[in-house]
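J.: Can you keep this structure in mind? I'll have questions shortly.
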Amino acid sequence: MYVFTVLLILFIIVSIYGVIEFILHQKRIYSIPIRIHVNGTRGKSSVTRLIGAALREGGIKTITKVTGTYPRLILENGCEVAIYRKASANIIEQLSIIKYSSKRNTQAIVMECMAIEPQYQWITETKMLHSTIGVITNVRLDHIDVMGYTLPEIAEALGNTIPKKQNLFTAEKNLFPDLKKIADQRNTRIQLTEESSVTDDEMKGFAYIEHKENVALALSVSDHLGIGRKVALNGMYKAIPDAGVLKLSRVNVFQKKINFFNGFAANDPQSSLMIWEKIKQEIGLRGAKIILLNTRQDRLDRAKQLTGMLGTELHDQFDYLILIGQSCENVEEMAVSSGVKRNKIINLGWTEPEAVFEAVLACTVDESTTVAIGNMGGMGGNVTDFFENRSVVYG
């Protein structure tokens with residue numbers, strides 16, 4: 001009886017605390033008038049950064065939170081603060097960011113969705129953020145074990161962050177009807193942005209390789225908030241890019257030229273193919289053409305998708321496939337089964353960045369182009385740093 005009484009008292013105390021904290025959170029979140037929730041398969045971090053930068057340039061006191069390659073909090077003046085986690089990522093983290101933003105009396109918060117599971121995406125939107133503007137960058141096959149094995153299923157999962165009776169911006173054309181259906185159910189106005197609305201001259205202001213699709217989204221949100229196009233673009237040009245952004249590092253060594261493109265953040269077939277085509281059309285694939293695929297043991301489904309794309313879409317467009325990371329023996333067999341010739345494959349496995357550099361150098365006669373895909377985690381970051389630290393980085 002005594003134990004039961006103690007447990008009952010503890011339950012009542014915890015319940016009262018939960019109710020009070022919920023009420024306080026609602027007060028905090030509604031004290032921030034502009035709340036932007038950015039979701040999607042690819043480009044979330046970039047779009048979040050671009051929108052935050054545009055708002056700051058427009059004189060709106062803004063805090064931005066990204067969970068891309070490395071979790072970061074971007075303050076009102078554009079300075080970045082690293083987010084250190086004692087354990088694995090948890091959506092409860094969003095509550096502390098909102099509390100922090102409210103204390104600083106910010107006018108806007110731009111938050112990248114950090115949830116993958118559909119139910120957690122729904123909780124983040126409906127219980128934590130209550131966004132006034134929703135953004136869904138695109139819908140592509142990724143995290144299929146959690147969000148669904150088809151694009152409509154993934155669209156439905158991402159749709160959990162569409163706000164009620166507000167505005168939604170998206171660059172997703174193919175699955176637009178699916179997103180519109182959800183938006184209509186929530187009385188939310190949806191707007192499709194067009195990358196063609198951004199000119200080549202406007203893209204020249206970026207010191208790295210940005211995508212028109214991302215810029216168009218950020219400009220549409222900025223325009224909706226009354227920020228002029230030139231002002232918004234000026235802010236975006238000043239923004240610090242995410243560590244996983246597409247960059248070109250040119251290395252000159254032993255009278256050889258190596259063009260290294262960090263596309264590790266492109267870890268689904270469609271995004272990887274788009275990056276390959278973008279480089280081919282806008283910059284050029286010079287010399288020996290190398291694909292560097294970084295794999296993770298817990299993402300072998302992703303490796304299967306990527307090797308399938310390499311064996312079908314790009315089978316005759318590259319000269320070498322260098323495999324690094326975990327479970328490379330399995331990935332090599334996937335690649336061969338998909339149509340990649342075994343004599344094109346260089347299997348390095350888990351190794352040091354120097355070994356990757358030496359392998360690329362060995363494949364280079366006079367000049368080469370390496371497009372790195374698969375995953376920024378594991379070896380990806382270290383390999384990128386190795387090439388970048390030995391080069392001049394060009395946009």
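J.: For the Cα atoms of the chain, what angle does the longest principal axis make with the long axis of helix 176-185, in degrees from 0 to 90, nearest 10?
T.: Taking Cα atoms only, the helix is inclined about 0 degrees.
J.: For ASP145 and GLN255, what is the calculated FRET efficiency with R₀ set at 56 Å and r taken between the beta-carbons, to the nearest 0.05? Walk me through the numbers before you get to the answer.
T.: Details: r = 47 Å, r/R0 = 0.84.
The pair ASP145/GLN255 has a calculated efficiency of 0.75.
J.: Still on this structure, please answer the following. Which order results if MET203, MET147, MET236 are arranged by neighbouring Cβ count within 10 Å, fewest first?
T.: Working: MET203 16, MET147 22, MET236 25.
Ranked by crowding around the Cβ, least crowded first: MET203, MET147, MET236.
J.: In nm, to one decimal, how far is the modelled label at LEU300 from the one at GLN26, with both set 7 Å along Cα→Cβ?
T.: Taking the simple label geometry, LEU300 and GLN26 are separated by 4.8 nm.
J.: Would you mind calculating the relative contact order of the stretch 247-394 from Cα pairs under 8 angstrom and at least 6 residues apart, reporting the percent as a whole number? Display every interim value, and only then the final one.
T.: Values: 283 pairs, mean separation 59.9, N = 148.
This gives 40 percent for the stretch 247-394.
J.: Mind running the shape call on the stretch 236-289? Use the C-alpha gyration tensor, a ≥ b ≥ c as the square roots of the eigenvalues: rounded below 1.5 for a/c, prolate if a/b tops b/c, oblate otherwise.
T.: Values: a/c = 1.99, a/b = 1.28, b/c = 1.56.
Oblate.
J.: Considering amide H positions built from the backbone, and no H for Pro or chain starts, which residues 5 or more places from LYS257, or on another chain, come under 5 Å of its amide H?
T.: Here the answer is GLU367, SER368, since their amide H atoms fall under 5 Å of that of LYS257.
J.: Now for a different question. Which GluC sites (Glu not before Pro) does the stretch 212-314 hold that lie in a coil by DSSP with at most 16 other beta carbons within 10 Å?
T.: Working: sites: GLU213, GLU277, GLU282, GLU313; in loops: GLU313.
Counting only loop positions with at most 16 other Cβ atoms within 10 Å, the GluC sites (Glu not before Pro) in the stretch 212-314 are GLU313.
J.: Among LEU292, LEU73, rank each residue by its count of other Cβ atoms within 10 Å, from fewest to most, as a rough exposure measure. Intermediate results must be reported in sequence, preceding the final value.
T.: Numbers: LEU292 28, LEU73 16.
In increasing order of surrounding Cβ atoms, one gets LEU73, LEU292.
J.: May I pose another question? Between ILE283 and LEU73, what length comes free when the chain is fully extended (0.36 nm per residue of separation minus the Cα-Cα distance, one decimal in nm)? Let's see the in-between values first.
T.: Values: separation 210, 0.36 × 210 = 75.60 nm, distance 3.26 nm.
Fully extending the segment from ILE283 to LEU73 adds 72.3 nm.
J.: Another question about this same structure. Find out how many positive minus negative residues lie around LEU306, taking Lys and Arg as positive, Asp and Glu as negative, among other residues whose Cβ is under 13 Å from that of LEU306.
T.: Working: positive: ARG140, ARG296, ARG299, ARG302, LYS304; negative: ASP142, ASP268, ASP301, GLU313, GLU332.
Around LEU306, the charge tally is 0.
J.: Placing unit charges on C-beta atoms (Lys and Arg positive, Asp and Glu negative, everything else neutral), compute the dipole magnitude of the chain about its Cα centre in debye, rounded to 20.
T.: On the way: 45 positive and 42 negative charges, 273 e Å.
In debye, rounded to 20, the chain gives about 1320.
J.: For GLU93, put the label point 7 Å out on the Cα→Cβ axis and report which residues of the stretch 229-260 keep their amide N under 18 Å from it.
T.: Label zone hits: 242-245.
J.: Looking only at the stretch 247-394, where both bridge partners belong to it, what percent of the DSSP beta bridges are antiparallel (to the nearest 5)? Please list the in-between numbers first.
T.: Values: 10 of 32 bridges.
Of those bridges, close to 30 percent are antiparallel.
J.: Mind telling me which of GLU57, GLU117, GLU358 comes out most flexible in a GNM of the chain, alpha-carbon contacts under 10 Å?
T.: Largest GNM mean-square fluctuation: GLU358.
J.: Below 13 angstrom from the Cβ of ALA108, what's the summed charge of the other residues (Lys, Arg +1; Asp, Glu -1)? Walk me through the numbers on the way to the answer.
T.: Working: positive: ARG35, ARG56, LYS61, LYS65, ARG104; negative: GLU57, GLU76.
Here the count lands on +3.
J.: Another question, then. Could you give each residue of the stretch 89-106 its phi-based ³J(HN,Hα) in whole Hz, using Karplus coefficients 6.51, -1.76, 1.60 with θ = phi - 60°, and x for Gly or Pro?
T.: With coefficients 6.51, -1.76 and 1.60, one gets 4, 9, 5, 4, 4, 5, 5, 5, 5, 5, 4, 5, 5, 5, 4, 8, 6, 6 Hz.
J.: A further question on this structure: Quick one: compute the contact order of the chain, relative version, from alpha carbon pairs under 8 angstrom and 6+ residues apart, as a percent.
T.: Numbers: 761 pairs, mean separation 62.7, N = 395.
Contact order relative to length: 16 percent.
J.: Go from 0 up to the bin containing the longest alpha carbon distance in the stretch 62-153, width 10 Å each, and give me the % of pairs per bin.
T.: 14, 46, 32, 8, 0
J.: For the stretch 62-106, just say rounded, prolate or oblate: build the C-alpha gyration tensor, square-root its eigenvalues into a ≥ b ≥ c, call rounded for a/c under 1.5, and beyond that prolate if a/b exceeds b/c, oblate if not. Could you put the intermediate results ahead of the total?
T.: Numbers: a/c = 2.42, a/b = 1.33, b/c = 1.81.
Cα axes put the stretch 62-106 in the oblate bin.
J.: Can you compute the modelled spin-label distance between ASP223 and GLU367, with each label point 7 Å from Cα toward Cβ, in nm?
T.: 3.8 nm
J.: Okay, next question. I need the peptides 262-272, 118-128, 58-68 ranked by packing, meaning the mean over residues of other C-beta atoms within 10 angstrom, with the highest value on top.
T.: Values: 262-272: 25.0, 118-128: 17.6, 58-68: 21.2.
Per-residue mean Cβ counts within 10 Å order the peptides as 262-272, 58-68, 118-128.
J.: Suppose R0 equals 30 Å. What FRET efficiency, 1/(1 + (r/R0)^6) with r the Cβ-Cβ distance, do LYS204 and ASP316 give to the nearest 0.05? Kindly include the intermediate steps, with their values, before the conclusion.
T.: Details: r = 33 Å, r/R0 = 1.09.
After rounding, the FRET efficiency stands at 0.40.
J.: Please work out which option in (1) 39, 25, 20; (2) 38, 21, 20; (3) 33, 24, 19 gives semi-axes √(5λ) of the Cα gyration tensor in Å calculated from these coordinates, and answer with its label.
T.: After the calculation, the listed value that fits is (1).
J.: What do you get for trypsin sites (Lys or Arg not before Pro) in the stretch 139-184 restricted to DSSP loop and a cutoff of at most 16 other Cβ within 10 Å of the site's Cβ? All intermediate terms of the calculation are to be shown ahead of the outcome.
T.: Numbers: sites: ARG140, LYS164, LYS165, LYS173, LYS180, LYS181; in loops: ARG140, LYS164, LYS165, LYS173.
Passing both the DSSP loop test and the Cβ count: LYS164, LYS165, LYS173.
Bear in mind that the values in this text are calculations on the coordinates, not laboratory data. If you're wondering where the values come from, they're calculated on a predicted model, not measured in any experiment. Using ideal geometry, Cβ is built from the backbone for each residue, glycine included, and neighbour counts are taken over all protein chains shown.
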